[in-house]
Structure formats: C-alpha cells, structure tokens
Amino acid sequence: MTSLAEGPALDLDLFSDAALTDPFPLYKQIRDTAPAVYLPRYGAWAMGRYADVRGALGDWESFSSARGIGLNDLANAATQGMIIATDPPEHDKLRNVLAARLSPKAIRDLRADIERRADELVAPLVERGSFDAVTDLARAFPISIVLDLIGLPQDGRDKVLGWADAAFSASGPPGPRTDAAFPLLQDQLAYLSGIEPDQLTPGSMGRAIYDAAADGLIKPESCVPLMSAYVTAGLDTTINAISNSVWYFAQHPDQWDMVRQDPSLIPAAFNEVLRIEAPVQFFCRVATRDVELDGQTLAEGSRVMMLYASANHDERKWEDPERFDVRRNPVDHLTFGYGMHGCAGQGLARLEGHSILGALARRVARFEVGAPQRRLNQLIRGLDALPTTVHAG
Amino acid sequence: MRIIVDEARCEGYGFCAEAAPHLLELDDEGELTVLAEQVPEDERANAEAAVRVCPVAALKLAP
C-alpha cells in the first residue's frame, strides 16, 4: 500500500499570524511545487491549482465530504451530519431544504426589499461622510437580512456573529486557535438546540427546516445542523465580501469610476472582489480511492485542503491574477466552491453584494480608507475594521 | 454534441443562459429550458462556456 505521505512535501505553517495575514506567497509555493503537496504539520495535503481544485470539487465520489471538512478530529466529529460534511444521498435531502428557500427562483421576491434595505443603510452613512466599512456597513447589512430570513428571535442575536466566526475557525488544525474557537461552536449549537420551532417567524427559512422534518423530508436531528449552516455560512462570508469591496474600490478609484459609469458592471465587479479575496480560504475533502493527478498519485484516505483562495490566483488559469479588474468577470471563480457542495446561499450573497454596490455607486464618488485591521480566523479571511471616508457625488 | 441538464442539481442561477443564450433560457418562472439539445458546431464554444460557469455542476456535454 502507498504511504499516505508519499510525494512532494513542504514544511509550511499556514496558520501563523503572518500566514493568516498574507497567505498568498505560501499558496504560490504550493501551486508551484506540485498538484498536491503534503503538509506534515497537519497530516494533510494541499491542492492549490485551479484545474485540480475544481476537478476535485466536481468529483464527490473520489473526494468525499462525509469524513469532515476540517483539519481536526474534534470539529470533524462535531460537524458530522451537517450538510457541508455529507455525501449523497443524505446531502441531497438536506440541500433540497436549503435550495427550496435559497435558489435564485426562491429569492426573486426578496430583491426589492434587500435593495431598499441597502439604500436605507447606505444613505445615512454617506451623509455622515465617515464610518467603519466593517462594523457600520458590512456587518450591519447581512446580519439584519439573514437573521430576519432565518426568523430568529431577537434574544441571542447579538452573539450569533461571534459564534459564526468561531464555527469556521474551529475547523483549523489542533492548537490554541482551535481550542479557543471550539467551545463557541458548541455554544452556537446549544443556542440553536434551545430554540423551539414556534419561536421562529412563521414562513421563515428556519421554520421551513422544521416543517421539512415534520413532513418527513429530513430527520428531526438534522434541524439544528441545518440551522447552523444558515447561521454560520450566511454572515462572515458576505460581511467580508462587502468590506473587501470598499477596500478594493478605495485602492482602485479608476475601477470604481468604471462601475459608476456603467452599473451593469456591478455583478462582474462583485465577482472580481470575490475572486481576488475569497472569504472562505479552504475546506477539506478525503480521497476515497487512489487518485491520479497530473502524474502524481494521491493515496486513498488522504485528507486534502481545497485551497479556493489559491485557485483564484492561479497563473495557470487567470491572466495577471494579482490585477483587480472589474471587466474580467470571473464567473467561474471558486469562492463559492463548485459542484454539489457549491454555496447554497450564493444567490442571496450576490443579491446582497449587488444591492450594496448599487446603493454605493449611486452616491459615492470616492472612497478613502485608513489602515485596515485584519481579523485572524483559520478558515475565513477578512477585515475587523476599515476606517472609511466617502466623498458624495 | 448534446447538452444534458441534471434537473435535480439545477438551482436556476442562469449563468449558463447568459453564456449560451441560443441554447439555454431561464423562463419567467426561473426554470431552465434547453432551447437546443443538439449543439450546432458554431455554438460549441458557448456550450462549453455554459458548462464551465454552472456553479453546481448541473450541466454536461455528451457526444
């Protein structure tokens, strides 16, 4: 039998403060070494090239999610049965419950309301002139929208964001960051377990989960994990995409001018922000068989980090990948993953992002930002603060 | 070459219809309709683009 660790290896630490602050040089090293590189510190492989990552994400039979998507056993056990950590047929039943409420068709009727909320949030901030693009804009928006859509009671909402942040970070490698995050993931699950279905707004996405269990479409024990999927996946991700948008357009005023002159570029511009700064840096898969990768064999049982953020910067796929270009329209970036586990909420995320960019484009001529403060999380890349001044026009 | 839609996976993002408007269309209900199952030679590149941009891998091409 092939050793699990046979093949090119790099002794990289992807989770130091320095690496979490700027992981891109390490990703390039991984991409330039081999299709898959063994990282002995984590007992896992890293896949960093676009074609390989996309290929693996599209092949769930060879690259399973059911043994967990994280880098430590505790988190992989705690997330067992969550949609992100399932394969068909279980996966498909859970996905149908989410898709019934989150697919583009299902959220069409939300557009007017979300655009109105974006205008109501952005107008007074622009009037003020100076604000924090993370706390005042990027966090305020998805929190109000997503928690209303899930139908959560007001009580406890203030803790939800911290739990969501921790729920991601808890899937890092064993160590102090994971130890700090894991209890918060448990708190989130305890909070969600304590919510009675009738406390959720009638007609909400949360209530629909319990209705699906009552109708026998999913098992009752799947309700809390699905609630956790909504609460975790719908916040930090969109929050970072929105604050990154402000950050990038402050640095690239010429690109902002293009968007303002032609607002039909907004979807392409949002795609480019997502490509260049993927909020979710990676999830893992486990090889269910020996897999051939461009002359290299990845042994059955190998845990493989799918480096979405690296794939989005792969020189083999993107021309001049470090250039921020709103005309690129990289519709096939991997920020939402790809394939069966492709982000179920990406329609809503896009709707939120496009609405905020539209509301800003109608009012803001220029962004000026101070030094961004980064929030270090083992899976999510984003900002904690971004002092922003806008010039109306 | 034929376009095959896995209807159980399709969630109606519509990026494929933007990439290949002569082959695929989102109707007023948000459901995907295949306008031309057999891909004409001059639509081949668009068909491949449509497959490439599907976020959930619900489309494929078969000989």
query = Can you spot a residue in the range B:38-52 that is facing another protein chain (nearest Cβ under 8 Å), under 24 Å from residue A:53 (Cβ atoms), β-branched (Val, Ile, Thr) and part of a helix (DSSP H, G or I)?
reply = no
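Rundown of residues vs (1) modelled with pLDDT of 95 or more; (2) over 15 Å from residue A:301 (Cα atoms); (3) more than 20 Å from the chain's Cα centre (by Cα), yes/no style:
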{"position": "A:2", "(1), (2), (3)": "no, no, yes"}
{"position": "A:24", "(1), (2), (3)": "yes, yes, no"}
{"position": "A:30", "(1), (2), (3)": "yes, yes, yes"}
{"position": "A:53", "(1), (2), (3)": "yes, yes, no"}
{"position": "A:58", "(1), (2), (3)": "yes, yes, no"}
{"position": "A:61", "(1), (2), (3)": "yes, no, yes"}
{"position": "A:68", "(1), (2), (3)": "yes, no, no"}
task = For the range A:86-102, indicate whether the set of residues that are within 30 Å of residue A:188 (Cα to Cα), at pLDDT 95 or above, surrounded by 21 or more Cβ atoms within 10 Å (Cβ to Cβ) and more than 14 Å from chain B (Cβ to nearest Cβ) is non-empty.
result = yes
query = Which ones in the range A:327-346 are within 14 Å of chain B (Cβ to nearest Cβ), over 16 Å from residue A:308 (Cα atoms) and surrounded by fewer than 23 Cβ atoms within 10 Å (Cβ to Cβ)?
reply = A:328, A:329
query = Can you tell me how many residues in the range A:349-358 are within 27 Å of residue A:20 (Cβ to Cβ) and either within 14 Å of another protein chain (Cβ to nearest Cβ) or open to solvent by 30 Å² or more (accessible area, probe 1.4 Å) (or both)?
reply = 2
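Collect the residues in the range A:320-376 that are assigned to a loop (DSSP other than H, G, I, E, B) and within 23 Å of residue A:132 (Cα to Cα), keeping them in residue-number order.
Within the range A:320-376, the first condition is being assigned to a loop (DSSP other than H, G, I, E, B), and the residues that meet it are A:320-338, A:342-345, A:362-363, A:370-372.
The answer is A:324, A:362, A:363, A:370, A:371, A:372.
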query = Which of (1) within 14 Å of chain B (Cβ to nearest Cβ); (2) of a type outside the set (Ser, Thr, Tyr); (3) open to solvent by less than 20 Å² (accessible area, probe 1.4 Å) is the odd one out, the single condition residue A:324 does not satisfy?
reply = (1)
note = Residues in the range B:22-42 that are closer than 27 Å to residue A:57 by Cα and either surrounded by 18 or more Cβ atoms within 10 Å (Cβ to Cβ) or among the aliphatic types (A, V, I, L, M) (or both) total 6
key: Top-ranked residue of the range B:1-21 - restricted to ones that are more than 7 Å from every other protein chain (Cβ to nearest Cβ) and in a helix (DSSP H, G or I), ranked as most open to solvent (accessible area, probe 1.4 Å)   = B:18
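Okay, residues lined up against (1) surrounded by fewer than 23 Cβ atoms within 10 Å (Cβ to Cβ); (2) touching a residue at least 60 places away in the same chain (Cβ under 8 Å); (3) of a type in the set (Val, Ile, Thr):
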| site | (1), (2), (3) |
| --- | --- |
| A:175 | yes, yes, no |
| A:182 | yes, yes, no |
| A:202 | yes, no, no |
| A:222 | yes, yes, no |
| A:230 | no, yes, no |
| A:256 | no, yes, no |
| A:264 | yes, no, no |
| A:284 | no, yes, no |
inquiry  = Suppose we keep only residues that are assigned to a helix (DSSP H, G or I) and touching a residue at least 40 places away in the same chain (Cβ under 8 Å) within the range A:208-220. Which one would you say is nearest to residue A:194 (Cα to Cα)?
reply    = A:209
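Can you name every residue in the range A:286-302 that is part of a strand (DSSP E or B) and either touching a helix residue (DSSP H, G or I) at 6+ places or on another chain (Cβ under 9 Å) or surrounded by 23 or more Cβ atoms within 10 Å (Cβ to Cβ) (or both)?
The first filter runs over the range A:286-302 and keeps only residues part of a strand (DSSP E or B), leaving A:286-287, A:291-293, A:296-298.
Answer for the range A:286-302, where residues must be part of a strand (DSSP E or B) and either touching a helix residue (DSSP H, G or I) at 6+ places or on another chain (Cβ under 9 Å) or surrounded by 23 or more Cβ atoms within 10 Å (Cβ to Cβ) (or both): A:287, A:291, A:293, A:298.
Tell me the residue from A:361, A:371 that is modelled with pLDDT of 95 or more, surrounded by fewer than 19 Cβ atoms within 10 Å (Cβ to Cβ) and among the hydrophobic types (A, V, I, L, M, F, W, C), please. Quick ask: steps written out before the conclusion?
Details: A:361 fails: surrounded by fewer than 19 Cβ atoms within 10 Å (Cβ to Cβ).
Every option except A:371 fails the conditions.
The values are calculated or read from the model by the stated rules, or taken from the named source; none is laboratory data. All figures in this text were calculated on a predicted structure; none of them were measured in a lab. All Cβ positions, even for glycine, are placed from backbone atoms using ideal geometry, and neighbour counts span all protein chains on display. Only protein heavy atoms, including side chains, enter the accessible area calculation; ligands, DNA and RNA are left aside. Shrake-Rupley method; radii C 1.70, N 1.55, O 1.52, S 1.80 Å.
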